[in-house]
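One structure is given here, and the rest of the page talks about it.
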Amino acid sequence: MNTDTDTDTDTAVPNGPSGADGAARFVAAQTLLTLDARHPFAGKSLIDAQDMHRTVMSGFPGWVDDGSQDPRAQMGILSTWTVDLRQARLNLVVQSSLPADWSGIPRAALAERPEPLTIDRTFRVGDRVAFRTVVNPVRSIPPPPGSPRKARGTRVPHTRPEHVKGWFARRLQPSGEPATAPDGVTRIGADTDTDRLAVRMLPRASSPAPHKGLRIARAEIKGTLTVTDPKVFVAALTQGIGHARAYSCGLILVR
């Protein structure tokens, strides 16, 4: 019995064809922030997942009202980061549907000036792209029998590379298959040979008080994708995949 019921219900599934020629256009703003990992501002972001979230969101002041529901999703904000311990560099990539303003970051915390980039790319069926993503690979165990009707299952992280490959494989979309898998999981509009994927388990992201218990499993996936449904693929690039997208998971970077 398959107990992995993580359906990613917060990701919209596009309907209808990609366009007259089967193509879909992806437009987004991306910024590479290179921070000095020894500076307290960057160091706090590495230690506390909530601080990393605040660092990412600090680039978008004034776009939505204070207290607005899910501002990250409204502004299409996704992020991912790596750290080079030898060079003491925190490399943070932030993607959004709106231009960012990083003037609020302490100048001394910046190892280099922010590098803004506008992405404007059209994808067609059969396009092959190299990709990298850091995901939160979890499965949901249903509540035990007798639980309240609206009780939620428990999310359990995958901790082995082969299980992460299985998690990702459920989101692949072979040619001719619909955007939603039979078990309800949202697909990504692309396919690949999972045997050729490189998977690396990463340290968990966590947050101390007042968010005790926040521990986010992370895994890096690299490989090559073949686009099978351009519109769905652009949706995956725009909205990200999986859970913990507010904590720098789910952004798919392609080249």
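Within the option set 177, 162, being in contact (Cβ under 8 Å) with a residue 40 or more places away in the chain and either of a type in the set (S, T, N, Q) or on the phi < 0 side of the Ramachandran plot (or both) holds for one residue only, 177. So, residue 190, is that one closer than 25 Å to residue 81 by Cβ, open to solvent by 50 Å² or more (accessible area, probe 1.4 Å), at pLDDT 90 or above and small (Gly, Ala, Ser) or not? Taking the combined requirement at face value, the residue does not satisfy it. Scanning segment 92-111 for residues that are touching a residue at least 60 places away in the same chain (Cβ under 8 Å) and farther than 29 Å from residue 201 by Cβ turns up 97, 98, 99, 100, 102, 105, 106, 108, 110. Residue count for segment 27-65, restricted to those that are out of contact with any Phe, Trp or Tyr (no Cβ under 9 Å at 6 or more places or on another chain) and open to solvent by 50 Å² or more (accessible area, probe 1.4 Å): 12. The set of residues from segment 66-97 being among the hydroxyl-bearing types (Ser, Thr, Tyr) and either assigned to a strand (DSSP E or B) or open to solvent by 60 Å² or more (accessible area, probe 1.4 Å) (or both) comprises 79, 80, 82, 96, 97. Could you say whether any residue in segment 69-87 is aromatic (Phe, Trp, Tyr), touching a Ser or Thr at 6+ places or on another chain (Cβ under 7 Å), in contact (Cβ under 8 Å) with a residue 40 or more places away in the chain and under 30 Å from residue 163 (Cα atoms)? Within segment 69-87 (the criterion being aromatic (Phe, Trp, Tyr), touching a Ser or Thr at 6+ places or on another chain (Cβ under 7 Å), in contact (Cβ under 8 Å) with a residue 40 or more places away in the chain and under 30 Å from residue 163 (Cα atoms)), the answer is yes, since at least one residue qualifies.
Note on segment 240-255: residues that are open to solvent by 30 Å² or more (accessible area, probe 1.4 Å) and either in contact with a helix residue (DSSP H, G or I) (Cβ under 8 Å, 6 or more places away or on another chain) or among the basic types (Lys, Arg) (or both) total 4. Inspection of segment 115-127 finds a residue satisfying the criterion of being hydroxyl-bearing (Ser, Thr, Tyr) and modelled with pLDDT of 95 or more. Only a single item in (1) farther than 17 Å from residue 124 by Cβ; (2) at pLDDT 95 or above; (3) of a type in the set (Asp, Glu); (4) over 17 Å from the mean Cα position of the chain (by Cα) is not met by residue 183, and it is number (2). Scanning segment 10-26 for residues that are of a type outside the set (Phe, Trp, Tyr) and modelled with pLDDT of 95 or more, we see that the one that is surrounded by the most Cβ atoms within 10 Å (Cβ to Cβ) is 24. For segment 130-142, does any single residue satisfy the condition of being farther than 25 Å from residue 220 by Cα and modelled with pLDDT under 95? Yes, segment 130-142 contains a residue that is farther than 25 Å from residue 220 by Cα and modelled with pLDDT under 95.
Step by step: first the residues of segment 98-135, then only those that are in contact with a Ser or Thr (Cβ under 6 Å, 6 or more places away or on another chain) and exposed (fewer than 15 other Cβ atoms within 10 Å of the Cβ), then the one that is farthest from residue 252 (Cα to Cα). Which residue is that? The selected residue is 104.
The values are calculated or read from the model by the stated rules, or taken from the named source; none is laboratory data. Keep in mind that this is a model prediction, so the values were computed, not measured. Counting neighbours? That spans all protein chains shown, and the Cβs are built from the backbone with ideal geometry, glycine included. Protein only, heavy atoms only, side chains kept; ligands, DNA and RNA dropped before computing areas. Shrake-Rupley method; radii C 1.70, N 1.55, O 1.52, S 1.80 Å.
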